[in-house]
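Q: Have a look at the structure that comes next, please.
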Amino acid sequence: MELEYTLSAQDNIEATRLLTRLILGRFKFWFIAIWMHVLLVFSLWTVFVTRYYSFVGVFTAVITSCMATAWYLVLPLYLKRDHRRKLSHEHIKVTLGETTYKVSGSGGQSEIEWKTYNKWREGKSVFLVARKNGNCAIFPKRAFLSREDMERFRKILTSQLGK
């Protein structure tokens, strides 16, 4: 099965979010995200509704506002800029096999075994295959020619890496 694609900034944003969830684990990811929002709402309520301006209340409101802004605005903008700067919009050709996959582009060609990876996740528009050290491979769903090819790829990932 062969894939040909060029990674987009949106692919990298989704892959980064999937990788964050993969590294932290689903529970820890949502726990951190929910508590960040709880702290933000509580600190803003403390400062603006009760009009009690303590150092801790204002400090917490500022810090959690900065965290929420970074999470929703700065990170996606940074990834888009990083994508434009670091990653060339190079056309990549991938040949998928049962035990390995081959990647070729203008920089060269390499063959990588699936067993070098330990986890995989499926997002809305990408498949992410990751190593323990955080290195990952991104396979956009739009590169697959049919649903059968995508299902075959899922079976390869499940047989080689588990669920």
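No value in this document is a laboratory result; all are computed from the given coordinates. Since the structure is predicted, the reported quantities are computational estimates derived from the model, not experimental observations. Here the Cβ positions follow ideal geometry from the backbone for every residue, glycine too, while neighbour counts run over all protein chains shown.
Q: Would you calculate the separation in nanometres between label points at Lys141 and Leu44, each defined as 7 Å from the Cα along the Cα-to-beta-carbon direction?
A: 3.1
Q: Also, quick follow-up: Which whole-number percent is the relative contact order of segment 122-163 (Cα, under 8 Å, 6+ apart)?
A: 26 percent.
Q: Hey, can you rank 132-144, 6-18 by average C-beta count inside 10 Å, highest first?
A: 6-18, 132-144
Q: Now for a separate question. Rounded to the nearest 0.05, what FRET efficiency is calculated for Ser110 and Leu161 with R0 set to 25 Å and r the Cβ-Cβ distance?
A: E between Ser110 and Leu161, to the nearest 0.05, is 0.85.
Q: Which cross-chain or sequence-distant (5 or more) residues have an amide H under 5 Å from the amide H of Phe127, H modelled 1.01 Å from N in plane?
A: Correct list: Phe139, Lys141.
Q: What pairs from Lys102/Lys132; Lys115/Lys141; Lys102/Lys141 go past 19 Å between their alpha carbons?
A: Those over the limit are Lys102/Lys132; Lys115/Lys141.
Q: For segment 104-163, take N as its residue count and report Rg(C-alpha) divided by 2.2 N^0.38 Å.
A: 1.15
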